[in-house]
1. Give all pairs with beta carbons closer than 6 Å in which a residue from the range 231-242 that is closer than 18 Å to A24 by Cβ meets a residue that is open to solvent by 10 Å² or more (accessible area, probe 1.4 Å); count only pairs at least 6 apart in sequence or on separate chains.
2. Any chance you could count how many residues in the range 6-22 are more than 20 Å from E186 (Cβ to Cβ) and open to solvent by less than 30 Å² (accessible area, probe 1.4 Å)?
3. If you scan the range 94-121, which residues turn out to be among the β-branched types (V, I, T) and part of a helix (DSSP H, G or I)?
4. State yes or no: is T64 open to solvent by less than 40 Å² (accessible area, probe 1.4 Å) and of a type in the set (S, T, Y)?
5. (1) assigned to a helix (DSSP H, G or I); (2) crowded, with 18+ Cβ neighbours inside 10 Å: which one isn't true of L3, the others all being true?
6. Consider the range 66-93. How many of its residues are touching an Asp or Glu at 6+ places or on another chain (Cβ under 6 Å) and not in a loop (DSSP other than H, G, I, E, B)?
7. So which pairs qualify, if the first residue must be in the range 21-45 and more than 14 Å from I81 (Cβ to Cβ), the second must be among the hydroxyl-bearing types (S, T, Y), the Cβ gap must be under 8 Å, and the two must be at least 6 apart or on different chains?
8. Keeping to the range 25-47, report how many residues are hydrophobic (A, V, I, L, M, F, W, C), part of a helix (DSSP H, G or I) and farther than 16 Å from E186 by Cβ.
Amino acid sequence: MMLDLSGKTAVVTGSTQGIGLAIARRLAEAGADVVINGRSDERVSQAVASLSGLPVRGVAADVTTAEGAQALVDAAGGVDILVNNLGVFGSTPALEISDDEWRRFFEVNVLSAARLTRLVLPGMTERGWGRVLNIASDSAVVIPEEMIHYGASKSALLAVSRGFAKAAAGTGVTVNSVIAGPTHTEGVEEFVYEMVDRSLDWEAAQREFMRTARPQSLIGRLIEPEEIANMVVYLASPLASATTGGALRVDGGYVDSILP
């Protein structure tokens, strides 16, 4: 089975590090022309340099604004694959989440994805082929008490994905979500240490976090970003032509469900 994305242009938002950078790498390795995106010229340039030898280029743009989203789409050219990876997360006691934080999480995690999808979907449907992939979270299904604003925003993202899949029905364009479980990124390392004793070394802290905060995991470890990226590349490929409107899990069995 060949995951050949040659001739396809892929845009990955929030791709200067972590899951987004891993997705960009895998897409480029499959032959896609990949656009790395972040807000900072410096961070974007560093990410592009880290993927030296692969077909990648960078566009610095703040896609949480209408102007930034349009600038990214214009610079990318005809977008065949859109991966809405940009997201913000953090822990705050439920009764202390301010209105401003609720708005920020919705605007970054939901509205930015909806806006970009709205911009690229007409071109995809006109060409008769396209892939939109939204990176969701197990928190969309199992809402954490310490970050309900994050969970609620990711639940909304699942609804956005399903709705746009219906809007693209019968056109050759698919829209799916990838439900990522607890994943080993720099940001998550900091989050883990917010939940466990900071005096623990990383391996001990990770084990303690999974034991106490995420005991539902069937693999008992954090997921590596490349494991998320592998699912994304498959869904972006022609091999996934009959998969749309779905929420596919790469969660280490964290969500206690037999459905995808």
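1. Once the first residue is closer than 18 Å to A24 by Cβ and sits in the range 231-242, its partners that are open to solvent by 10 Å² or more (accessible area, probe 1.4 Å) give M231/V250; V233/L3; V233/R26; V233/A30; S237/L3.
2. The number of residues fulfilling the criteria is 3.
3. Within the range 94-121, V108, V110, T117, V120 meet the criteria.
4. Taking the combined requirement at face value, the residue does not satisfy it.
5. (1)
6. 1
7. L21/S15; L21/S50; G38/S15; G38/T16; S40/T16; R43/T16; V44/T16
8. 3
The values are calculated or read from the model by the stated rules, or taken from the named source; none is laboratory data. Keep in mind it's a predicted model, so treat the numbers as computed, not measured. As a convention, Cβ positions derive from the backbone with ideal geometry for all residues, glycine included, and neighbour counts pool all protein chains shown. Only protein heavy atoms, including side chains, enter the accessible area calculation; ligands, DNA and RNA are left aside. Shrake-Rupley method; radii C 1.70, N 1.55, O 1.52, S 1.80 Å.
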